[in-house]
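**Q** Structure below; questions to follow.
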Amino acid sequence: MIRMIRNEGRTTPIVVCDNCKEPITDSEMAMAIWKQPDVDGTQAEVFHLHKGPCDRAFKAVIGDPNPWQELTKHLHYLCSNVGLSPEKLLKEEAIEQEIGTL
Ligand SMILES: [Zn+2]
């Protein structure tokens, strides 16, 4: 799940593991998982998990197999689907670095 967390008076978005409720800090060691919709155009709730014990525990509850993506790829697709190109992301990164918000 995506949440906001307050840190030193500012809030920032984080991805939280839907199993252990801890922040995910390494996208290559995490995943997104969902139940495959049966009909085109149907949306599905997505869950974010640490790989390993968290994904195994979560799958034991919701069932397996379910489609999944490594979190790195999932966030890349997500950025693309909201019109956030790598070029725009780099421009935003430069602005944030300049004003010290990252
Ligand atoms: Zn976890």
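**Q** Scan segment 12-26 and report the pairs whose first residue is within 11 Å of the ligand (Cβ to nearest atom) and whose second residue is β-branched (Val, Ile, Thr) and in a loop (DSSP other than H, G, I, E, B), with Cβ atoms within less than 6 Å and a gap of 6+ or a chain change.
**A** Val15/Ile24; Cys17/Ile24
**Q** Answer yes or no as to whether Leu89 is aliphatic (A, V, I, L, M), closer than 12 Å to Ala32 by Cα, in a helix (DSSP H, G or I) and within 17 Å of the chain's Cα centre (by Cα).
**A** It is false that Leu89 is aliphatic (A, V, I, L, M), closer than 12 Å to Ala32 by Cα, in a helix (DSSP H, G or I) and within 17 Å of the chain's Cα centre (by Cα).
**Q** Among the listed residues Lys51, Lys35, Lys59, identify the single one that is surrounded by 15 or more Cβ atoms within 10 Å (Cβ to Cβ) and out of contact with any strand residue (DSSP E or B) (no Cβ under 7 Å at 6 or more places or on another chain).
**A** Of the residues listed, the single one that is surrounded by 15 or more Cβ atoms within 10 Å (Cβ to Cβ) and out of contact with any strand residue (DSSP E or B) (no Cβ under 7 Å at 6 or more places or on another chain) is Lys59.
**Q** Would you check if Cys20 is closer than 19 Å to Ile2 by Cα and assigned to a loop (DSSP other than H, G, I, E, B)?
**A** Judged against the criteria, Cys20 is a match.
**Q** Is segment 63-70 home to any residue that is within 16 Å of the ligand (Cβ to nearest atom), touching a residue at least 40 places away in the same chain (Cβ under 8 Å) and farther than 18 Å from Met1 by Cβ? Lay out the reasoning, then the answer.
**A** Of the residues in segment 63-70, the ones within 16 Å of the ligand (Cβ to nearest atom) are 68, 70.
Checking the rest, the ones that are also touching a residue at least 40 places away in the same chain (Cβ under 8 Å) come to 70.
Imposing the further condition that a residue be farther than 18 Å from Met1 by Cβ reduces the set to none.
No, that holds for no residue.
**Q** Can you pull out the residues in segment 65-92 that are of a type in the set (Asp, Glu) and surrounded by fewer than 12 Cβ atoms within 10 Å (Cβ to Cβ)?
**A** Glu87 - this is the single residue of segment 65-92 that is of a type in the set (Asp, Glu) and surrounded by fewer than 12 Cβ atoms within 10 Å (Cβ to Cβ).
**Q** Looking at (1) surrounded by fewer than 17 Cβ atoms within 10 Å (Cβ to Cβ); (2) over 12 Å from the mean Cα position of the chain (by Cα); (3) within 13 Å of the ligand (Cβ to nearest atom), find the lone condition where Met29 falls short.
**A** (2)
**Q** Give the residues of segment 1-11 that are more than 13 Å from the ligand (Cβ to nearest atom), part of a loop (DSSP other than H, G, I, E, B) and not charged (D, E, K, R), sorted by residue number.
**A** Result: Gly9, single match.
**Q** When the residues of segment 32-55 are narrowed to those that are part of a strand (DSSP E or B) and hydrophobic (A, V, I, L, M, F, W, C), which ends up nearest to the ligand (Cβ to nearest atom)?
**A** Leu49
Where a number appears in this text, it was derived from the coordinates with a stated rule and is not lab data. From a predicted model like this one, the values you see are computed outputs, not experimental measurements. When we count neighbours, we look across all protein chains shown, and the Cβ atoms used for this are built from the backbone with ideal geometry, even at glycine.
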